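**Q** First the structure, which I've put down as structure tokens, then a few questions once you've had a look.
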Amino acid sequence: MADRPRTVDASVRLANKRRQRLRRRILIVSAVLVVVAAVGGALWVVFISQAFAATTVSVTGTTVLTPAEVTAAARVPLGTPLARLDTAAIANRVKQLKAVADVTVTRSVPHGVKIAVKERTAVYAVSAGSGFDLVDASGVPYTSVTDAPQGLIVASITGDDERLRHDVATVVTALPKALRDRAVLITADTPDSIVIELSGGVEVVWGSADDSAQKSQVIATLLSVKASVYDVSSPSHPTTKA
């Protein structure tokens, strides 16, 4: 009879421990459910709801192009949540515009899409019909103008030859400033017959675009000699003609 209270106490303690364990489990499950609900809600807001959907597009960096042209090419799917927006696809569509050298597309919370355009830079103008095409350093003609911009070298290229356009761009970018300032026209009938006409009727026979860096160094020195024709087509054996 003396051991009964201890047996009862042990049973009560065991029951209390079971209730405490159950409460802890309920608290843990409740906390997990709260976290899951919070995460699920956040994901729904970010990826599905219109709370952070794309509604505006801004364009910077355009001179040749207009923001409207870039926006039209970008085809941003307005109404799409920003988190689900395929910025790479948008950038690739904008890059299809010839005047675009590079582009960056970023999301701007809560509703914006920013398109930063880097346009091509002209290194020369090539005669084209009644006007001129502006050509960048990689030889890409990216826009047409009625008059060649002042200070830009004009080229006459035979045919619609991609290689010739690229070769002329290579030559122009290699020219020393003293020669570039005097250049009036570059003619290119074939890849091996590039000629630079200078003011005063002087000619520089450049030949091909090969070794343009070396030819540039040679002509910079050769110009100190008065002549009507400078031939650097073979830069190791340049010649002049009075």
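Here, each number is a calculation from the coordinates, and none is a lab measurement. What you are looking at is a predicted structure, and each value in this text was computed from that prediction instead of being measured. With ideal geometry, Cβ positions are generated from the backbone for all residues, glycine too; neighbour counts draw on all protein chains shown.
**Q** If the label point is 7 Å along Cα→Cβ of Asp161, which residues in the range 199-242 have backbone nitrogen under 14 Å from it?
**A** Residues 206-210 qualify, since their backbone N sits under 14 Å from the label point.
**Q** Using +1 at the C-beta of Lys and Arg and -1 at the C-beta of Asp and Glu, which of Val64, Pro77, Val113 has the Cα lying farthest in the positive direction of the dipole of the range 56-119?
**A** Pro77
**Q** Taking the Cα centre of the range 122-241 as origin, sum charge times position over the Cβ atoms of Lys and Arg (+1) and Asp and Glu (-1), and report the length of that vector in debye to the nearest 20. Write out the running numbers ahead of the final one.
**A** Numbers: 8 positive and 15 negative charges, 108 e Å.
The dipole of the range 122-241 has a size of about 520 debye.
**Q** Oh, and also: Once label points are set 7 Å from the Cα along Cα→Cβ at both Leu78 and Gln214, what is their separation, rounded to one decimal in nm?
**A** Placing both labels 7 Å along Cα→Cβ, they lie 5.9 nm apart.
**Q** Place a point 7 Å from the Cα of Leu152 along the Cα-to-Cβ direction; which residues of the range 49-80 have their backbone N under 19 Å from it?
**A** Taking a point 7 Å out along Cα→Cβ of Leu152, the residues of the range 49-80 whose backbone N falls under 19 Å are 61-67.
**Q** Just tell me which lysines come within less than 30 Å, Cα to Cα, of Lys215; anything on the same chain fewer than 8 places away is out.
**A** The reachable lysines, counting only those whose Cα sits under 30 Å from Lys215, are Lys177, Lys226, Lys241.
**Q** Hey, can you grab everything whose amide H is under 5 Å from the amide H of Ile186? Only 5+ residues off in sequence or another chain; H modelled, so Pro and N-termini drop out.
**A** Correct list: Val154, Ala155, Ser156, Glu197.
**Q** So between Ala89 and His237, what do we pick up on full extension, going 0.36 nm a residue minus the alpha carbon distance? Show your work: numbers first, answer last.
**A** Details: separation 148, 0.36 × 148 = 53.28 nm, distance 5.18 nm.
So the extension gain works out to 48.1 nm.
**Q** Enumerate the calculated ³J(HN,Hα) couplings along the range 78-93 in order (Karplus 6.51 cos²θ - 1.76 cosθ + 1.60, θ = phi - 60°), each rounded to whole Hz, writing x wherever the residue is Gly or Pro.
**A** Running phi through 6.51 cos²θ - 1.76 cosθ + 1.60 with θ = phi - 60° gives 4, x, 7, x, 3, 5, 9, 6, 8, 5, 5, 5, 4, 4, 4, 5 Hz.
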